[in-house]
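The values are calculated or read from the model by the stated rules, or taken from the named source; none is laboratory data. Please read all numbers here as calculations on a predicted model, not as lab measurements. Counting neighbours? That spans all protein chains shown, and the Cβs are built from the backbone with ideal geometry, glycine included. Just the protein is used for accessible areas: all its heavy atoms, side chains included, with ligands, DNA and RNA removed. Shrake-Rupley method; radii C 1.70, N 1.55, O 1.52, S 1.80 Å.
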Amino acid sequence: MRNCTRKLGAAIKSARKSKNLTQMELSEELGITPRYLQAIENENKTPSYHLLFRILSYLNIPADSVFAPQENILSSEIEQLLYFIHYKCTPREISVLLSTAKALVDTREKVF
């Protein structure tokens, strides 16, 4: 479990920084103290389930990337893209994205 909380803290810190948020700003958004957020990020403090859900949702961190990580085959950008497609897009938007990706690959293959 300690390894999971270490990965969780690192994932939260990385996602927070990528959104250009300070610990103060994120802690205010979550309704916790900056010191508690610091403890989660750096000292392996385990948040409650409710707080964990709010943190992951707010920072768009897929839970399985923290608690059931596979080999780091996918970059964080790809993981984030897949998260948005899976959880944030409508079936129609997914269809449009799929068609666009296919057209992009077809165009690239014709050029080379």
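The convex hull around the C-alpha trace of the chain, projected and averaged over every direction, spans 8.9 square nanometres. With contacts taken as Cα pairs under 8 Å and at least 6 residues apart, the chain reaches a relative contact order of 26 percent.
Considering only protein heavy atoms and a 1.4 Å probe, what is the carbon-and-sulfur percentage of the accessible area of the chain?
Numbers: 4640 of 8090 Å².
For the chain, the apolar C and S fraction of the accessible surface comes to 57 percent.
Extending 7 Å from the Cα toward the beta-carbon at both Asp64 and Tyr49 defines two label points whose distance is 2.0 nm. Considered as an equivalent ellipsoid built on the Cα gyration tensor, region 4-48 has semi-axes of 15, 13, 7 Å, the largest given first.
Estimate the FRET efficiency between Lys110 and Gln38 by the formula 1/(1 + (r/R0)^6), using the beta-carbon distance for r and 30 Å for R0, to the nearest 0.05. After rounding, the FRET efficiency stands at 0.05. Averaged over its residues, region 4-45 has an accessible area of 55 Å² per residue, based on protein heavy atoms and a 1.4 Å probe.
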